[in-house]
Amino acid sequence: MKLAKRMGNVAPYLFASMNAMKARLREQGVDIVDMSIGDPDIPTPRHIIDRLCQAARHPENHRYPPYEGTMGFKSAVAAYYGRRFDVDLDPKTEVMTLIGSKEGLSHLIWAMVGEGQYALLPDPAYPVYDTQVGLAGGSVHKMPLLEKNDYLPVLDDIPSDIARKASVMFLNYPNNPTGGVATLDFFKKAADFCMQYDIVLCHDAAYVDIGFDGFVPPSALQASRHQVVETYSLSKPFNMTGWRIAAIVGSAEVIGKGIGIIKTNTDSGQFNAVQEAGEAALGTEPEKVIAANVAAYRERRDLMVEALRKAGLGVRSPKGTFYLWVRVPEGETSASYSAKLLEKTAILVTPGSAYGKYGEGHVRVSLSVPTDRVMEAASRLAAGT
Ligand SMILES: *Cc1c(COP(=O)(O)O)cnc(C)c1O
């Protein structure tokens, strides 16, 4: 088989050895608490499921959906942005339906970078950005996210010759994997930097509805509307990861002339019935669903932060996301400590190095597991076994 040359640049699957170990332990009957994956355990609310079932029965929904998304879903996204962020969006030109934000982020990258062009990416980060820039033949400049900078990139550290060759910058707040958050003021600085160098700013807002302790995460579109886009996903706030429904919002130019061209030539949109279910999610007391989820994550966060600290580990209590970014003990690496934790306590976490070289020295603990399992993990940490 002759694979495409670009396949040689795809990073090997970093979770492979962890998976092998997981399989081996499960075979031995070990009860693993799997805190390695960010995937809500709480089911999708009933009214959303009911809407899908109804919509699935309509024959007009069995045909190809509109490429750019249904007006119903796009209007629901625009209305939500108006209420939640006071951001005014034209559903026709400034909103496009995505088959999950992972799809949108990948296709945006294909529209924005290629040979000789740079993407400015956070590190540690969701691995999709880096992999897709590599596949698209673009170059990457990593912006380190360090604890001493509250997990925000230092824009002044980006060399100006690289900034001039960059066409897109990705940010993600509240942040996976660090749990760091950004203020509106930071988004303004980032947007100013991007404007100065004619760079499109893409904010991955997957966790924008998951904030704690009175912190209400902002949208990057509140800071600037000039060449700024944001991916908003229903996956995490509405427990809909399996449904594959999200939207890209913001600059009509980036959407219409950029990602829209790639998408219409690549996919044929999301099932109308799933978009109707998305309308139900955004249109029927979304705040109530989100508040219940946030309350569950906050309880789990507090349980686990206390247990980790009692076990002598350094961890910040995050103001957003459902992840804890935990410093590994002196003398350990992310990988060695993840393996040790699995062997000793059967708690599975993700090594920080899987998210980039600046993730080394940390492990990521996901709170998207039932609260009784979080309690189980806490008691195993206390027992040290
Ligand atoms: C979960 C996640 C996504 C993917 O969301 P989908 O809409 O389900 O594709 C995107 N970005 C980050 C940072 C995530 O953690």
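To check you understand DSSP bridge types, tell me what percent of the beta bridges within the chain (both residues inside) are antiparallel, rounded to 5. Once the DSSP bridges in the chain are tallied, antiparallel ones form about 50 percent. Along region 110-126 the Karplus relation, 6.51 cos²θ - 1.76 cosθ + 1.60 evaluated at θ = phi - 60°, assigns HN-Hα couplings of 5, 7, 9, 10, x, 2, x, 10, 9, 10, 8, 10, x, 8, x, 7, 3 Hz to successive residues, with x for each Gly and Pro. Under 14 Å of direct C-alpha separation, and excluding same-chain neighbours fewer than eight residues apart, Lys236 reaches these aspartates and glutamates: Asp39, Asp41, Asp204, Asp209, Glu287. Here the Karplus curve 6.51 cos²θ - 1.76 cosθ + 1.60, taken at θ = phi - 60°, turns the phi angles of region 317-333 into couplings of 8, x, 8, x, 6, 10, 10, 10, 10, 10, 6, 7, x, 3, x, 9, 9 Hz, with x standing for Gly and Pro.
Positive contributions from Lys and Arg (+1) and negative ones from Asp and Glu (-1), summed over other residues with Cβ under 13 Å from the Cβ of His58, come out at +1.
Please state the shape class of region 258-362: rounded when a/c is under 1.5, otherwise prolate if a/b exceeds b/c and oblate if not, all from the C-alpha gyration tensor. Oblate is the answer for region 258-362, as a/c is 1.5 or above yet b/c matches or exceeds a/b. Computed over the chain with a Gaussian network model linking Cα atoms closer than 10 Å, the most mobile of Lys263, Lys310, Lys319 is Lys310.
Counting Lys and Arg as +1 and Asp and Glu as -1 over every other residue whose Cβ lies under 15 Å from the Cβ of Leu120, the net charge comes to -4. Under 5 Å from the amide H of Ser368 lie the amide H atoms of Asp39, each residue being 5 or more positions distant or on a separate chain, with H modelled from the backbone and absent for Pro and chain starts. Once Rg and the Kirkwood radius are both taken over the C-alpha atoms of region 217-287, their ratio Rg/Rh works out to 0.99. In this structure, the amide hydrogen of Val168, modeled 1.01 Å from its nitrogen in the peptide plane, lies closer than 5 angstrom to those of Leu120, Val200, counting only residues at least 5 positions away or on a different chain. Put simply, when 285-294, 224-233 are sorted by average Cβ atoms within 10 angstrom per residue, most first, you get 224-233, 285-294. Among Arg83, Arg380, sorting on how many other beta-carbon atoms sit within 10 Å of each Cβ, with the fewest leading, yields Arg83, Arg380. Exposure proxy shown here: for Thr178, Thr264, the number of other Cβ atoms within 10 Å sets the order, fewest to most, as Thr264, Thr178.
This ranking places Leu184, Leu381 by how few other beta-carbon atoms lie within 10 Å of each, fewest first, which gives Leu184, Leu381.
Adding -39500 (n - 2.57) for every DSSP H run of four residues or longer, then dividing by how many residues the chain holds, sets the calculated 222 nm ellipticity at -11500 deg cm²/dmol. Computed over the alpha carbons of the chain, Rg followed by Dmax gives 20.8, 62 Å. The overall shape of region 52-108 is oblate: from the C-alpha gyration tensor, with semi-axes ordered a ≥ b ≥ c, the ratio a/c is 1.5 or greater and a/b is no larger than b/c.
Modelled label positions at Lys2 and Arg83, each set 7 Å beyond Cα in the direction of Cβ, lie 5.6 nm from each other. As a quick test, which of the pairs Lys92/Lys257; Lys142/Lys263; Lys148/Lys319 have an alpha carbon distance above 19 angstrom in this structure? Cα-Cα > 19 Å for Lys142/Lys263; rest within. Computed from the C-beta positions of Asp50 and Thr333, the FRET efficiency with R₀ = 51 Å rounds to 0.60. Converting phi to 3J(HN,Hα) with the Karplus coefficients 6.51, -1.76 and 1.60 and the offset θ = phi - 60°, region 151-162 yields 6, 10, x, 8, 5, 5, 7, 7, x, 5, 5, 6 Hz in sequence order, with x at every glycine or proline.
Electrostatic tally near Thr97: other residues with Cβ closer than 15 Å to its Cβ, Lys and Arg +1, Asp and Glu -1, net -3. Is the C-alpha gyration tensor of region 1-130 telling us rounded, prolate or oblate? Criteria: a/c under 1.5 is rounded; beyond that, a/b larger than b/c is prolate, otherwise oblate. Here region 1-130 falls in the oblate category.
No value in this document is a laboratory result; all are computed from the given coordinates. The model shown is predicted, which means the values in this text are computed figures rather than measured ones. Cβ atoms come from the backbone with ideal geometry, glycine included; neighbour counts cover every protein chain shown.
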